[in-house]
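This report refers to the structure that appears directly beneath it.
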Amino acid sequence: PKRDWSSDVCSSDLEAVAELIFDSAREPLAAGARRSLGEARRLRFRLGSHALDLEIEREGVDMLSLRGRLQATDAHLWNLDVEAGSEQRNTHPDADGSFVLDRLPVAPLTLQLRDSAQRFRLPTLEP
């Protein structure tokens, strides 16, 4: 069953949709900027005054990894909720804002980020 995100949030929290500002599926990176192995999809979102960089890469036929970096003050205090098909994961970025979720099923990804005062929802991402 799908998770009801609204039960996790105080009524004073306002949700905003993150703004996609780069997607390598639409604007491929120059050859020198690509990895030598694998083809990862790279995305960048604006979250108000913050930014989120994501990299989605297939791991074999039915798994993928999600790597990212949240550029925000006290990034380690933010919470990231991810749904991939029927699987739900939760993580916190490290002190530098980086995080990794491996072995996610290949399925549309739903992500939400929040701290004590802000909440952002990303558009559903197709792997």
(request) Could you state how much accessible area Thr91 has, in square angstrom rounded to the nearest 10, with a 1.4 Å probe and all protein chains kept in place? (result) 30
(request) Roll a 1.4 Å probe over the protein heavy atoms and report the accessible area of Ile21 in Å², nearest 10. (result) 70
(request) Please calculate how many Å² of accessible area the stretch 36-97 carries per residue, with a 1.4 Å probe and no DNA, RNA or ligand atoms counted. (result) 50
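The values are calculated or read from the model by the stated rules, or taken from the named source; none is laboratory data. From a predicted model like this one, the values you see are computed outputs, not experimental measurements. Surface areas here come from the heavy atoms of the whole protein model, side chains and all, with no ligands, DNA or RNA. Shrake-Rupley method; radii C 1.70, N 1.55, O 1.52, S 1.80 Å.
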